Amino acid sequence: MAIHLTAVVRVIATGMTNVISHVFYHIITGAYTVVITKRAVCLSSFLLASAAVSMASSFTVFAADTALSHFAADSDSNVKSDAIKSDVSNAVNTQPSTSKTIVTTAIQQTWLLNLLEEALRRSDSGYQAQEMSTQMNQKRKVEETLAGTVDVFWSMTSKELEETVLPVRIPLFKGLLGNRLLIIRKADEMRFANVKTMADFRQLKAGQNRYWPDATILEANGLPVVTSYQYSNLYPMLEGGRFDYLALGAQEIGDELASHPDPALKVDSHILLQYRSPAYFFVSPKRPELAAAILAGLESMVSDGSFDEMFNRELKIEPLYREAKFDQRVIIRLDTPDLSPLTPIDRKELWLDLFSMQGAK
């Protein structure tokens, strides 16, 4: 029996290095499933012959824990290790070895996932999107994308982001995300109604998520900013007087305030904060062919009008324009100092007409 167990240990020792070295590269593509299955079959046969069946389960647990420890080691407060393990386990268990499944971070806005899936379908690439359930902050998304755990995510752009991962330069919100309305304290309504100029606006203090590119844009324009690493903390900070307003995209602000109900807060009806900073799909540098496929699919949708059709329908653009009354607001326009020269500003079909409005005087 001792001879058989020694042989088992040698098999595990010689094979484990290869399993671990390949697990992170293959875990999402589906190839990892093949590696584990083949080794498990061979090892199980050997162990049965050696009458040491119990060691097969030990090997399985060791391999799984080794693979998953990468994801738990660097988790932030928004990412629980158990949730990541579940996501990874689901990816391993559900993807066949021939799958062209790509992994995207959790996308709260369903229409963006539908847009991604339609772009992949249009590209004839055979890719299928699988959404992770784990919520991640911006920093974590970038880290996992660089590691190859995540293939694609969406974000508002920044110079640093475009230099780190691969941008697909089709503005997903047609510039709407850079047209910001403000959540303010109800008690300050008249204070905001008296804002007429940039000088007036600089007397007010913004709140922002530290990981969002918006914080850098506001600071670059000389606006005072208070930041938090947790988005959810911004609402009690605003209500408590730590800052004066929270600027969110016009298409999201109503739902966001509803999900953080506070009778002391409201959406301001006077100011439109505007800056050019589009949102893109961003792809892992390990997957340039995926970036090309998504671009081809989106360009096809722009060309035949289906991009605008989905955008207008899903974001209810006509009702939004009526309710927001953009042209009746005082527009505070900000520069975006590090906007990439490759931003497709000259392609009018990719943008809404908001940037040409004069607004209230």
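Taking a 22 Å limit on the Cα-Cα distance, which of the listed pairs 141/316; 141/286; 139/186; 196/325; 139/159 fall beyond it? Pairs exceeding the cut-off: 141/316; 139/186. Is the C-alpha gyration tensor of segment 277-340 telling us rounded, prolate or oblate? Criteria: a/c under 1.5 is rounded; beyond that, a/b larger than b/c is prolate, otherwise oblate. Note, shape of segment 277-340 comes out oblate. Basic side chains Lys and Arg get +1 at the Cβ, acidic Asp and Glu get -1 at the Cβ, and with that the dipole of segment 301-361 about its Cα centre reaches some 380 debye. Per atom type, segment 151-221 shows carbon and sulfur on 48% of its accessible surface, probed at 1.4 Å. For segment 262-361, the carbon plus sulfur part of the accessible surface works out to 52%, probe radius 1.4 Å. Ordering of 348-355, 133-140, 254-261 by packing is 133-140, 348-355, 254-261, highest average first (other Cβ atoms within 10 Å, averaged per residue).
The values are calculated or read from the model by the stated rules, or taken from the named source; none is laboratory data. Keep in mind it's a predicted model, so treat the numbers as computed, not measured. Positions of Cβ are generated from backbone atoms using ideal geometry, with glycine treated the same way; all protein chains shown enter the neighbour counts. Please note that ligands, DNA and RNA were not included when accessible areas were found on the heavy atoms of the full protein model with its side chains. Shrake-Rupley method; radii C 1.70, N 1.55, O 1.52, S 1.80 Å.
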